[in-house]
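Colleague: Just passing along the structure, written as structure tokens.
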């Protein structure tokens, strides 16, 4: 593995060169006093010192609303599958792990071309966390640093960025970089020190067990009172689902155009906390109680999804649900720790 | 990631099928016989379902009611929402979008040589019919066949002519009941569980197949437990919101299981630690 180095000024020039060449680059920019992934117009707007974005980069991998088919009303349909290349710049390790999990889920079993074709057009430039967000617990979830899964990984070492270019797609982008130098061993040591620190420092909420223990913890937690207690305050607003980088449940709806003759079948985000998520025709709701929906989300994160992706826990510790939850009940760590402490009650 | 994406088909793209027969079974249930425009058979197995759609109105999972031993396939659609209302307006010769078949199958092989007892509540007869007809078309492969049909009221009864034919057959036993008494009805009155003690087959050794509205399962399963039918011999066909049909969208989950892939037909013993199932 060779690590190279660009000064911060040179890195800005690299980003601007991509933009000047007409590449579509989505990066992290400020939105009032918070941050978001958005179309980048110039490197000047880029904020790689961000703590966490409001929504995860999921919205570029699995958009909020995405056409699957174009149709004539009452007639035939064609697939919509033209996806343009995109550079996704500034993805934190925990969000990268979430995207990698979705890659696995959408390609296993029935292969989802809409997701996968779009995904293959995306080049991910990940970046190590510089500033922990107020609710991050990635260290607890062992998602604070990554050693693979990115096309390029950049690390802010103060006056410069170190770049670890891992894939062909990553190398292809490096043609836009001028002044690339090999990193000195002192620089690489700095990078190691930053990553080593992040391994334990991104931990505002501390999980009371090894992350790999969670599926077993859940086995005896189904009837624990914590589900009722927490869900009593739940508004069923689905905010925890919407901001979650690993939530990928979706609805499919037909949207008819103004001409009333043509339209699109779209996939749009859905959330298992929403009241009618499991309702069938005839109005029977299979998950009618708030507590059953609240429980389902945390079981999905710690047990159901892991069973599909080789044991990886589908909570990456970004802490967004904790920040987004109006009722302040969404913190997974609080629930898992409570289950740990009262293991006999379940 | 796989690099052969162009070889994968679009799992969300329906194929077109043409309605070749249609008739109302009662006030709300439309029966349709369809053939794929490709000229190919659907190649489903009893128990599976399709996603049926009209572009502009949406898509819904619908059980296949016919056996793969016959040409084309049959569906029954209840008029219950905007999509199904539009489906009810379609005429013979009109087209409809179809994806699938999806899901698990009835225990075609495991049940061979054994007595079969079908317990059908209301519209639950529709998916069960796919296996009943399969069994009747392969009659010598199976033991005694008993079909119990319970319907809420007289007017809601489905497949009346076909049930009359089944009643005549010497190689099967049909027992029917309605929940509410009716002037035109001389048969059994009561819920479907009241027919279970009348089954002549040795229940604990039979394969029992159950399908009906959500409320029915608990009571039928209690009655079967009382009749000492082992959970290994019971199969349930469960309804959920199978939105995508391909194990992605999450709507049909029963705990960790996806009904669209792991179901809709489940062996009851496999659901022992799946509390959301019933």
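Colleague: List, largest first, the extents of the alpha carbons of chain B along their principal axes, each in whole Å.
Modeller: Largest first, chain B extends 55, 44, 34 Å along its Cα principal axes.
Colleague: Can you work out the PRE-style zone for residue A:184? Point 7 Å along Cα to Cβ, and I want the residues of the stretch A:1-30 with backbone N under 16 Å.
Modeller: A:3-8
Colleague: Separate question: Once both labels are modelled 7 Å past Cα along the beta-carbon direction, what's the residue A:307-residue A:39 spacing in nm?
Modeller: 4.3 nm
Colleague: Using Cα-Cα distances under 8 Å and only pairs 6 or more residues apart, what relative contact order does chain B have, in percent?
Modeller: Computed over chain B, the figure is 17 percent.
Colleague: Does chain A classify as rounded, prolate or oblate by the C-alpha gyration tensor (a ≥ b ≥ c root eigenvalues; a/c under 1.5 gives rounded; else a/b over b/c gives prolate, otherwise oblate)?
Modeller: Oblate shape, in that a/c is at least 1.5 and b/c is the bigger or equal ratio.
Colleague: If each of residue B:15 and residue B:225 carries a label point 7 Å out from its Cα toward its Cβ, how far apart are those two points in nm?
Modeller: 4.3 nm
Colleague: May I ask for the Kirkwood hydrodynamic radius of the stretch B:129-278, worked out over all distinct Cα pairs and given in angstroms to one decimal?
Modeller: Kirkwood hydrodynamic radius for the stretch B:129-278: 16.8 Å.
Colleague: Just to be sure I understand the model, the point goes 7 Å from the Cα along the line to the Cβ. What's the resulting residue B:69 to residue B:23 distance in nm?
Modeller: About 2.1 nm, to one decimal.
Colleague: Also, quick follow-up: If you count the DSSP beta bridges with both ends in the protein assembly as shown, what percent of them are antiparallel, to the nearest 5?
Modeller: Once the DSSP bridges in the protein assembly as shown are tallied, antiparallel ones form about 65 percent.
Colleague: According to the Kirkwood expression over distinct Cα-Cα pairs, how big is the hydrodynamic radius of the protein assembly as shown, in Å?
Modeller: Answer for the protein assembly as shown: a Kirkwood hydrodynamic radius of 27.0 Å.
Colleague: Can you give the FRET efficiency to the nearest 0.05 for residue A:84 and residue B:36, using r as the Cβ-Cβ distance and R₀ = 41 Å?
Modeller: The computed FRET efficiency comes out at 0.75.
Colleague: If you don't mind, there's one more thing I want to ask. Could you tell me the distance between the Cα centroids of the stretch B:156-222 and the stretch A:70-122, to the nearest Å?
Modeller: 47 Å
Colleague: Can you tell me the FRET efficiency between residue B:138 and residue A:20 if r is taken as the Cβ-Cβ distance and R0 is 60 Å, rounded to the nearest 0.05?
Modeller: Plugging the Cβ-Cβ distance into 1/(1 + (r/R0)^6) gives 0.30.
Colleague: How high is the relative contact order of the stretch A:20-74, given as a whole-number percent (alpha carbon pairs under 8 Å, six or more residues apart)?
Modeller: 27 percent.
Colleague: Oh, and also: Residue separation times 0.36 nm, minus the C-alpha to C-alpha distance between residue A:171 and residue A:258: what's the value?
Modeller: Fully extending the segment from residue A:171 to residue A:258 adds 26.9 nm.
Colleague: On to the next question. Please list, in order, the residues from the stretch A:313-340 whose amide nitrogen is less than 19 Å from a point placed 7 Å along the Cα→Cβ vector of residue A:212.
Modeller: What the label zone holds, given the 19 Å backbone N cut-off, is A:313-317.
Colleague: With each run of n ≥ 4 DSSP H residues scored as -39500 (n - 2.57), what mean residue ellipticity at 222 nm is computed for chain A after dividing by its residue count and rounding to the nearest 500 deg cm²/dmol?
Modeller: Theoretical 222 nm ellipticity from helices: -8500 deg cm²/dmol.
Here, each number is a calculation from the coordinates, and none is a lab measurement. Bear in mind that the values here come from a model prediction, so they are computed numbers and not experimental data. Cβ: placed from backbone, ideal geometry, glycine included. Neighbour counts: every protein chain shown.
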